[in-house]
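Encoded as structure tokens, the structure appears first; notes follow it.
The values are calculated or read from the model by the stated rules, or taken from the named source; none is laboratory data. A quick note: this is a predicted structure, and the numbers were derived from the prediction, not measured. Counting neighbours? That spans all protein chains shown, and the Cβs are built from the backbone with ideal geometry, glycine included.
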Ligand code: PMP
């Protein structure tokens with residue numbers, strides 16, 4: 001197995017983390033999760049662009065150009081023989097004796113690895129369940145930072161009540177999932193939270209917005225309440241791994257007839273075509 005360290009591909013077992021890495025001590029860093037289909041990196045530029053935005057937002061410099069990073073990731077996929085899988089990339093501020101301020105002159109640490117991940121075919125077909133939880137995260141979740149404790153606790157709460165995903169609600173309004181964006185469909189219109197500081201603007205979300213426009217599906221970037229969500233005709237969540245995944249129950253209430261809705265299905269089909277064309281048919 002090979003992994004990425006800085007601007008080099010090295011055997012995975014050669015990489016170790018310092019006790020004083022600020023990512024390890026403070027969560028002082030950012031990350032990306034990128035999909036690989038048929039050996040091809042999916043939506044690579046969009047992910048690298050978001051990594052760059054996240055890094056800039058917390059004043060960390062990438063150790064190499066985005067172009068070079070893209071090439072390195074391609075090599076990582078190839079050297080590990082990944083067909084369908086994912087890349088995990090993490091950029092931390094670097095190693096320094098523990099202080100709260102941002103030390104000057106330290107070298108950021110970029111690491112990454114690739115692994116095999118099958119497509120979630122059962123969830124895509126049958127849907128998942130969700131539980132609403134209070135969104136108690138900070139107000140800059142548009143930055144893909146390593147600080148995921150609220151997301152982890154929300155997911156734990158959902159799991160412990162038998163639900164697959166947690167849906168965050170802030171001041172009565174649905175923001176996003178613990179690791180996904182959330183959409184409701186009523187009378188053929190797709191509703192999702194605006195891409196501001198209260199959600200992570202998913203790369204999958206951006207694709208869905210584009211595909212909706214291509215398919216002539218009207219969509220509105222307006223927040224909906226938790227109560228409205230449960231009464232939608234269709235609900236789905238999206239992320240890099242789950243793709244476009246129907247939600248068939250929210251807080252134990254069945255959505256629509258408990259099956260994939262027609263708008264969700266047509267977005268899934270369009271997304272599938274995008275995957276197939278990226279992966280070379
Ligand atoms: N929101 C949150 C909180 C997430 O963790 C994720 C997954 N990274 C997303 C949305 C979806 O983003 P993407 O489509 O880029 O995977």
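Highlighted here are the strands (runs of 3 or more DSSP E) found entirely within region 93-200 that include at least 3 residues which are away from the ligand (no atom under 16 Å from the Cβ): 109-116.
Checked against the criterion of being more than 16 Å from residue 264 (Cβ to Cβ), buried (at least 20 other Cβ atoms within 10 Å of the Cβ) and in contact with a helix residue (DSSP H, G or I) (Cβ under 9 Å, 6 or more places away or on another chain), region 180-189 has no qualifying residue.
Residue check: is residue 207 within 11 Å of the ligand (Cβ to nearest atom), within 30 Å of residue 51 (Cα to Cα) and in contact (Cβ under 8 Å) with a residue 40 or more places away in the chain? It is true that residue 207 is within 11 Å of the ligand (Cβ to nearest atom), within 30 Å of residue 51 (Cα to Cα) and in contact (Cβ under 8 Å) with a residue 40 or more places away in the chain. Kindly indicate the residue of region 101-124 that is touching a residue at least 12 places away in the same chain (Cβ under 8 Å) and exposed (fewer than 13 other Cβ atoms within 10 Å of the Cβ) and also nearest to residue 16 (Cα to Cα) among those meeting that condition. Only one residue tops the list, namely 107.
A search for C-beta distances below 6 Å between a residue of region 15-36 that is part of a helix (DSSP H, G or I) and any residue that is modelled with pLDDT under 95, counting only pairs 6+ apart in sequence or on different chains, returns 24/17. Residues that are outside any loop (DSSP other than H, G, I, E, B) and surrounded by fewer than 12 Cβ atoms within 10 Å (Cβ to Cβ) within region 263-281 comprise 273, 277, listed in sequence order. Of the residues examined, residue 63 is one that is surrounded by 14 or more Cβ atoms within 10 Å (Cβ to Cβ) and out of contact with any helix residue (DSSP H, G or I) (no Cβ under 8 Å at 6 or more places or on another chain).
Residues satisfying the criterion are absent from region 50-62 (criterion: within 16 Å of the ligand (Cβ to nearest atom), touching a strand residue (DSSP E or B) at 6+ places or on another chain (Cβ under 7 Å), at pLDDT 95 or above and under 20 Å from residue 279 (Cβ atoms)). Before we move on, is residue 222 touching a strand residue (DSSP E or B) at 6+ places or on another chain (Cβ under 8 Å), surrounded by 23 or more Cβ atoms within 10 Å (Cβ to Cβ) and within 26 Å of residue 139 (Cα to Cα)? So residue 222 does not fit the description; no.
What is the residue count in region 220-239 for residues that are within 16 Å of the ligand (Cβ to nearest atom) and over 22 Å from residue 253 (Cβ atoms)? Matching residues across region 220-239 total 2.
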